[in-house]
1. Condition test on TYR67, is it hydroxyl-bearing (Ser, Thr, Tyr) and surrounded by fewer than 20 Cβ atoms within 10 Å (Cβ to Cβ)?
2. Which of the residues belonging to region 129-147 are within 17 Å of GLU110 (Cβ to Cβ) and of a type in the set (A, V, I, L, M)?
3. Which numbered condition in (1) assigned to a loop (DSSP other than H, G, I, E, B); (2) modelled with pLDDT of 95 or more is the only one that GLY149 fails?
4. So which of SER49, SER54 ends up being under 15 Å from the mean Cα position of the chain (by Cα), closer than 30 Å to LYS150 by Cα and not hydrophobic (A, V, I, L, M, F, W, C)?
5. If a residue must be under 15 Å from ILE89 (Cα atoms) and not in a loop (DSSP other than H, G, I, E, B), how many such residues does region 3-23 contain?
6. Among the residues of region 126-144, are any outside any strand (DSSP E or B), touching a residue at least 24 places away in the same chain (Cβ under 8 Å), under 27 Å from SER182 (Cα atoms) and among the basic types (Lys, Arg)?
7. For region 62-69, state whether one or more residues are within 14 Å of the chain's Cα centre (by Cα) and over 16 Å from LEU196 (Cβ atoms).
8. Looking only at region 1-47, which residues are more than 21 Å from GLY165 (Cα to Cα), among the aliphatic types (A, V, I, L, M), in contact with a strand residue (DSSP E or B) (Cβ under 8 Å, 6 or more places away or on another chain) and without any contact (Cβ under 8 Å) to a residue 24 or more places away in the chain?
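The values are calculated or read from the model by the stated rules, or taken from the named source; none is laboratory data. No experiment lies behind these values; they were computed from the predicted model shown. Counting neighbours? That spans all protein chains shown, and the Cβs are built from the backbone with ideal geometry, glycine included.
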Amino acid sequence: MTRLALGAAELWKDHLDPARQARLVEVVAQLCRAAPPYAPMTPYGKKMSVQMTSAGQFGWYSDRKGYRYVTTHPDGMDWPPIPREILQIWQEVTGLEHAPECCLVNHYGEGARMGLHQDKDEADFSWPVVSVSLGDDGLFRIGGTTRGGKTASAWLQSGDVVVLGGAARLAYHGVDRIRYGSSRLLPQGGRINLTLRVVT
């Protein structure tokens, strides 16, 4: 495992060994059975190319009314708790006792991407955002705190963890594309991204 700079963010390269990755896939499958993934609608009426669900006290949600956190799944059930295997990663890379209140689960299938955006629906930006990659490689891009300007890119591989804190907390970032089929970790293929956030 190596810690690298990725723009203003911190990349923990190969933080999760294959056994931990496989265990996380099982954990995520359990989460998805409790809170089935769905494709959100943007406020502009466009369906996102990723499938998502959440765990924790809050789930991130998007529809015509805007981006926000909600306390229940669109089907009406509570979000499942964040599993200890995921919370352990937060503690390892942040050293913080304060636990995240949301674990957003994004699944990138073939052709899926995520445009440059800021994570700014939280109440306090002093807490970091932690991003965990599982499955296929994803081309991650990060810039500054305003649109435009210079960006840095890197292929994130299964087991990599990115920490967006400090100067990187409000940096624009996204996933330009994935190398579909580059990993055999996920039975259904594609890439899973777990994003841990303190909401309140």
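1. Yes, satisfied.
2. Answer for region 129-147, where residues must be within 17 Å of GLU110 (Cβ to Cβ) and of a type in the set (A, V, I, L, M): LEU134, LEU139.
3. (2)
4. Checking each option against the conditions leaves just SER49.
5. Selection size over region 3-23: 11.
6. No - not one qualifying residue is present in region 126-144.
7. No; the residues of region 62-69 include none that is within 14 Å of the chain's Cα centre (by Cα) and over 16 Å from LEU196 (Cβ atoms).
8. Scanning region 1-47 gives ALA39, MET41.
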